[in-house]
Amino acid sequence: MKIRMFFMALAAATMVVSAAPAQAQFGGLGGLGDKLKKKIPNVLGDRQPITTSLSDAKWGDESRDGFTPREPVRSLMTLQRTPNGGFVLQTGFYEFHDQSYCLKAGTHGPGGGDGYLFAPPKGPAEDAVMTIVRNSVNHPEIQQQKIQQLLWAIIARAKFEDLSSDLKATAALLLTPRQLASLNRNALDMLTTGPLADNLPGPIRTVLQAEADLRRMLTTPGASFAEMERVAVLAGAAPMGPGSQDIPEGRWSLHPDGYYIRYVPQGYSHTVVGIWVPQGSPAVGKEYDPATHIAVPGNTSRQRLIQSGRAYQSH
């Protein structure tokens, strides 16, 4: 109901703005603009396919900063695998170079010593996103770039029926027919240009524009992965985003299942995951399912990275 009322107000505001001088600001809409400025970020956040944010990363353990387990590090690949593409945990210290994926277009990649914390996938598309990542483990023939394009299609709200033939074929391998049918685009293009868009906060406007560009590129023949990557992954120094926290690189998170985990990205597509299962931990025998892990940066202008059970290249 709130969203319906918002779009009714938005339509009215659009009519007012279109009749006003180009320099008119939200404040000149008789108080309506102030209400819209407050509501737009919340509505957009609520409608994002994946809503996981820094506020969901509640398990960081600053008391372990700089800590290295005494046990010799072993490859996570030595552990028993699960049908989900996960790992059955045992006592010890493990490391895994995995394929990770960007879940927030129009933001900066990892860098600058920023730390990352554990948070679970949340949002309307969490089931589809986790299914793609899980099922990709059993399809090593699918290139990492194809999986990333599917995830970009979800977060950009592209219609899967309009994707290229090879991406639709990949999606059919990784998703159920029900999931494919549910992945339809929301009509937010109206907010990416025009006077209303000009008055949105800069970071929101940048993300919306990146999503709109990705929708166009994903459904237009001839667009290359490199072109999409330039849109989704911003170059240059990353400013501190709103609500950022000072999280040092390599901070451990204490997972609710009782094990410690840290993420050290080597780029958005490659993350070094460290897992420590102490003696007597309740995590022994439980599953580490990478598809349920989003590495959330302390700097909100950087990308959220979902993890996978696929090893990165030769690691």
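The values are calculated or read from the model by the stated rules, or taken from the named source; none is laboratory data. In this text the structure is predicted, and so the values were computed from the model without any measurement. Glycine also receives a Cβ, built like all others from the backbone with ideal geometry; neighbour counts cover every protein chain displayed. These area figures cover heavy atoms from the full protein model, side chains too; ligands, DNA and RNA do not enter into them. Shrake-Rupley method; radii C 1.70, N 1.55, O 1.52, S 1.80 Å.
The residues of region 207-228 that are of a type outside the set (Gly, Ala, Ser) and either crowded, with 20+ Cβ neighbours inside 10 Å or touching a strand residue (DSSP E or B) at 6+ places or on another chain (Cβ under 9 Å) (or both), listed by number, are Val207, Leu208, Glu211, Asp213, Leu214, Arg215, Met217, Leu218, Met228. When the residues of region 232-275 are filtered to those that are in contact with a Gly (Cβ under 7 Å, 6 or more places away or on another chain) and among the hydroxyl-bearing types (Ser, Thr, Tyr), the one that is surrounded by the fewest Cβ atoms within 10 Å (Cβ to Cβ) is Ser244.
When restricted to residues that are open to solvent by 60 Å² or more (accessible area, probe 1.4 Å) and touching a helix residue (DSSP H, G or I) at 6+ places or on another chain (Cβ under 8 Å), region 48-61 contains 0.
Of the residues that make up region 167-185, is at least one farther than 24 Å from Asp289 by Cα, outside any loop (DSSP other than H, G, I, E, B), open to solvent by less than 30 Å² (accessible area, probe 1.4 Å) and at pLDDT 90 or above? Yes, region 167-185 contains at least one residue that is farther than 24 Å from Asp289 by Cα, outside any loop (DSSP other than H, G, I, E, B), open to solvent by less than 30 Å² (accessible area, probe 1.4 Å) and at pLDDT 90 or above. Does any residue in region 120-140 that is under 12 Å from Leu175 (Cβ atoms) and of a type in the set (D, E, K, R) come within less than 6 Å, Cβ to Cβ, of a residue that is assigned to a helix (DSSP H, G or I) and open to solvent by less than 40 Å² (accessible area, probe 1.4 Å) six or more places away or on a different chain, and which pairs are these? Note: pairs meeting the criteria are Arg134/Ala291. Can you pull out every residue in region 129-158 that is assigned to a helix (DSSP H, G or I) and either among the basic types (Lys, Arg) or open to solvent by 10 Å² or more (accessible area, probe 1.4 Å) (or both)? Selection gives Met130, Thr131, Arg134, Asn135, Gln144, Gln145, Lys146, Gln149. Taking each residue of region 73-84 that is over 18 Å from Tyr260 (Cα atoms) and looking for partners that are exposed (fewer than 15 other Cβ atoms within 10 Å of the Cβ) with beta-carbon atoms closer than 6 Å, six or more apart or interchain, yields Gln80/Val88. Anything in region 60-108 that is within 20 Å of the chain's Cα centre (by Cα) and farther than 20 Å from Val133 by Cβ? List them, or say none. Of everything in region 60-108, those that are within 20 Å of the chain's Cα centre (by Cα) and farther than 20 Å from Val133 by Cβ turn out to be Gly60, Gly106, His108.
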